[in-house]
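The values are calculated or read from the model by the stated rules, or taken from the named source; none is laboratory data. Predicted model only: the values in this text are computed from it and were never measured. Backbone-built Cβ (ideal geometry, glycine too); neighbour counts: all protein chains shown.
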Amino acid sequence: MTEAKNLEDYAGEFHSADVGASYWLVAEEGRLSVRVNDIVLGMLQPAQGKDRFDLKGVSFVFTREPGGKIDGFDFATEEIEGLRFERRVDGR
């Protein structure tokens, strides 16, 4: 299970070219919020396994580059499997 002290590792902007959408993950007060623009969708809850979180029936499974840094996540619901979001590092 993911520990609160590592939440900054998950913070940042993540974009899916498949659906043209971005999520912002913000670490604050020991929790990780999910935002679209300035709207908070909710707080991610740690799930079973490393780099896994849930939010209202949605799974966020984070992936890491070979150096260990978070490079994106796969988004899944009962209807959607493996929708990819990549970390944006250049602000575009």
When both residues are 6+ apart or on different chains and their Cβ atoms are under 8 Å apart, which pairs have a first residue that lies in region 24-43 and is at positive phi and of a type outside the set (A, V, I, L, M, F, W, C), and a second that is assigned to a strand (DSSP E or B) and surrounded by 14 or more Cβ atoms within 10 Å (Cβ to Cβ)? G42/S33; G42/V34; G42/L55
For region 23-43, name all the residues that are out of contact with any helix residue (DSSP H, G or I) (no Cβ under 8 Å at 6 or more places or on another chain), of a type outside the set (V, I, T) and in a strand (DSSP E or B). Y23, W24, E28, S33, R35, L41, G42, M43
Hits in region 3-22 (condition: in contact (Cβ under 8 Å) with a residue 24 or more places away in the chain and either assigned to a helix (DSSP H, G or I) or touching a Leu at 6+ places or on another chain (Cβ under 9 Å) (or both)): A4, L7, D9, Y10, G12, E13, F14, S16, D18, V19
Looking at (1) touching a residue at least 40 places away in the same chain (Cβ under 8 Å); (2) touching a strand residue (DSSP E or B) at 6+ places or on another chain (Cβ under 8 Å), which is the only condition V61 fails? (1)
Selection count where residues are without any contact (Cβ under 8 Å) to a residue 60 or more places away in the chain, closer than 19 Å to E13 by Cα and of a type in the set (A, V, I, L, M, F, W, C), scope region 64-81: 3
Just for region 20-41: of the residues that are within 15 Å of F73 (Cβ to Cβ) and small (G, A, S), which one is surrounded by the fewest Cβ atoms within 10 Å (Cβ to Cβ)? A21
Restricting attention to region 44-77, which residues are over 20 Å from A17 (Cβ atoms), buried (at least 17 other Cβ atoms within 10 Å of the Cβ) and among the aliphatic types (A, V, I, L, M)? L44, L55
Charged (D, E, K, R), surrounded by 15 or more Cβ atoms within 10 Å (Cβ to Cβ) and either farther than 13 Å from D9 by Cα or at pLDDT 90 or above (or both): is that true of R84 in this structure? yes
